[in-house]
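Reading through the structure tokens given below for one structure.
The values are calculated or read from the model by the stated rules, or taken from the named source; none is laboratory data. It should be emphasised that the depicted structure is a prediction, and the values quoted were computed from it without experimental measurement. Here Cβ is always computed from backbone atoms with ideal geometry, including for glycine, and neighbour counts include all displayed protein chains. Just the protein is used for accessible areas: all its heavy atoms, side chains included, with ligands, DNA and RNA removed. Shrake-Rupley method; radii C 1.70, N 1.55, O 1.52, S 1.80 Å.
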Amino acid sequence: MSELNGQDEKIIVFQLKDEEFGVPVQQVGSIERMQHITRVPSTPDFVKGVINLRGVVTPIIDLRTRFDLHSKEHDESTRIIIVHYNDMEVGLIVDSANDVIDIPKEAIEPPPEVVGTVEAEYIQGVAKLERRLLILLDLQKVFSSEEVRELKTIEG
Amino acid sequence: MEVNQYLEVFIEESKENLQTVNDSLLQLEKDPSNLDLVSEIFRAAHTLKGMSATMGYQDLANLTHKIENVLDAVRNQQVEVDTDLLDIVFDSLEDLEAMVTDIASGGDGQRDVESIVEKLNRIAQGEKPADVQQSNDTVKETAATTAPAETEVNGIQGLDEFELTVLQESNERGFQNVQLSVYLREDCLLKAARVYMVFEVLEQIGEVIKSTPSVDQLEEEDFDNQFHVLLVTQEDLSEIESRVMKVSELDKVVVETFSIDEYKINQQEQQKEQEQVQNEKEAKAEAVHTETKQENTPAPTNQNENAQEPKQQQAQNKTIRVNIERLDVLMNLFEELVIDRGRLEQISSDLNHNELNETVERMSRISGDLQNIILNMRMVQVEQVFNRFPRMVRQLARDLHKKINLEISGADTELDRTVIDEIGDPLVHLIRNALDHGIETPEERVAQGKPEEGTLHLKAYQSGNHVFIEISDDGGGINRDKVLQKAIDNSVITPEQGASLDDQQIYELIMESGFSTADKISDVSGRGVGLDVVKNTIESLGGSITIDSKLYEGSVFSIQLPLTLSIISVMLVEVEDEKYAIPLSSIIETAIIKKEEIMKAHNKKVIDFRGKIVPLVSLKDVFEVPGEQEEETHYSVVIVRKGDKMAGLIVDSFIGQQEVVLKALGNYLSNVFAVSGATILGDGQVALIVDSNALIK
């Protein structure tokens, strides 16, 4: 596989339950270890709270809760991936973040009708790589869901 | 010319100059015979003209030039200062401001100023301002033809320093400066094309320094049948003339040597006069300094002194301009330092090491001083907001046919820039309100035995950690019963609720949403969005507003604002394992109360706090803090207030008082109920800041 033809996209790969997900590296600010999270009251349950990210108060979303997966005890491999979208900066709790890979553009396909357990609406595309299947997240959908919009209108 | 780097300075200084013109004009209106003021205005206008010409904003320069002409006429006592004259000058000032704003927002500063220019021209030529004001449109035609006549006489105008230097130098190097007056034929069809051809010819034989009208105007055919060009060349005059005349459709070309000296003589005369005035002024200022208290001006008003003071300070204080963004960066860095300071303090108290403790203490003290300095640097005088009000009031008073005297005091009170930026609109709203609904018409006032002229007093002062701004008028005051009736009619409150309110609470009803007392809707205020917007803005700044009023005597709107928004003092409290910060500004006191002291009213827990019934709110319930609901014998309560209302917040324990840096929760989590922001504590964890205003109903 040629890695230098400019057609590739660098993707950060992370694990959630038994599936692999990816976000483009440009949207990722950093990957952090688990740390103390301050709960913020009256927010949707997938918003775990806020952390102090080097002096910036950053909201944290638990992706397992977000995708209605079984929640799991946080352990050594649990990571917080800090992603940017528009002018929002949010941390995503994932089971583990283990890889950065290059995916050729042509390997990315539109989402099929049903993919695993995560609802298709959060999926931007699927990348097939030899024996792996990578689900590319649509951050906009993850961020600005009905729940968040509701939150903003009710309490706004 | 590379102008971008100068643009910011240009805009800043133009605004300052316009402000000076504005202030002096307002004073001039009160004291029309004071020629010092006219010179002052003249000087500011002249600087503005020079700068805008250098920067290539011709419209701006032209209009300023016309204003100068008028002022010159005033100074030479050919024209008398009266309201009509000032109206016209104010109008043109508005145009100037609009142009500068346009430039600031990236525009080219062009604007159609023909009618105002024409008015100014006619005044400068000695017409009565009142006539000019009235017969505005009818004479437009004739004036349009007289305006160019003026350029015919003057030839090249508005040379700036740079251009003069170029001319001077070219003279020294053996070039000659030539002024061409080119007259196109009456039936010339393609004026712009002919102009282009003339310029092409001229550029072959020399360098064009300046043209009147400007090249832009020429290209747009925005001129009559003639234009003037200033050329630096080595060719002799007849040669130039014959070359230019080869362009067809030209009527004639007059070529003559341009003398810098002659041009300068005019300028110098003006300058001399100015210098004289300046010298007199300085002498006067010195006289004040040596405390001889011999005032030269016949009637030195307060404002006169105010106007001179800043000028003196400018000479004494050495200041530099710093970009606000840099200050913001500095502030952000310092905020991080404050967080680390908190962390260090905590670590050193845990370790209990003597030398470490000492060092940390010293560092805390120094960073405390640093904090004061940085916060002070961001402080801006409220004058910045206040100085636009005199003209606004003047205009409004005319529109409303009322007579109003605006008094301003404490304009040097300082506030954080972030607060200053936000406070302007609410104040405008309150002032409009006072003028429209508060102060009566002259007839009504006379009938009530009050002076014909109403007084609006704008006052700012600092008290503790807060700044107060008061807007008081001696108008009709608030009609308590009318307000109450209206509130009930508009179902803002029920009649039962109304019966139990005291006067002040009733006055404050006018700031509830869905309320408007004006019987008729006017342009000035009462457009549906009312004082509730004002109230919300002020509360979002962490401030509060109260109203006091006496029927037939006037009202006072008092705004309380925090000095700064970014670093605040808070009380840290604990609820189960979670820590929350409550701003000290809203805390009255803390108390430990026994379980027996808690009473029930309307199914709500209340306590008797110093004779007042205060409702209790459990932070644990509000914030749904996980944990067992235990029955305790004693409760820790923080009594908070919002205006006159109070509430007791039940917490588990008090941790203590601390200075913290206010941080936003981020765009993703804006508008969380009862949380106004977050802060980072000494241990690096985030604590939420409680918005107690949301908890008090």
With every protein chain in place, what's the accessible area of B:Tyr552 (1.4 Å probe, Å², nearest 10)? 140
Around A:Gly125, which amide H atoms from residues at least 5 apart in sequence, or from another chain, sit under 5 Å from its own amide H, with H modelled in the peptide plane? A:Leu136
Name the residues of segment B:649-680 whose accessible area falls by at least 20 Å² when all protein chains are present instead of the chain alone, probe 1.4 Å? B:Lys663, B:Leu665, B:Asn667, B:Tyr668, B:Leu669, B:Ser670, B:Asn671, B:Val672, B:Phe673, B:Ile680
At 1.4 Å probe size, what's the solvent-accessible area of B:Met245? Round to the nearest 10 Å². 70
In order through segment B:246-251: 3J(HN,Hα) via Karplus (6.51 cos²θ - 1.76 cosθ + 1.60), integer Hz, x for Gly, Pro: 5, 5, 7, 6, 8, 7
For segment B:534-549, take each phi angle, set θ = phi - 60°, evaluate the Karplus expression 6.51 cos²θ - 1.76 cosθ + 1.60, and give the result in whole Hz per residue in order, putting x for glycine and proline. 4, 4, 5, 4, 5, 5, 5, 8, x, x, 8, 10, 10, 10, 10, 7
If you count only protein heavy atoms with a 1.4 Å probe, what accessible area per residue comes out for segment B:567-695, rounded to a whole Å²? 48
Interchain or long-range residues, amide H under 5 Å from A:Gln35's placed H: none
Peptides B:396-405, B:580-589: what's the order by average Cβ count within 10 Å, highest mean first? B:580-589, B:396-405
In square angstrom to the nearest 100, the accessible surface buried at the A/B interface, both sides summed with a 1.4 Å probe, amounts to 2200
Restricting to lysine pairs 8 or more places apart or on different chains, what number in segment B:567-695 have Cα atoms under 21 Å apart? 23
Which cross-chain or sequence-distant (5 or more) residues have an amide H under 5 Å from the amide H of B:Phe609, H modelled 1.01 Å from N in plane? B:Val614
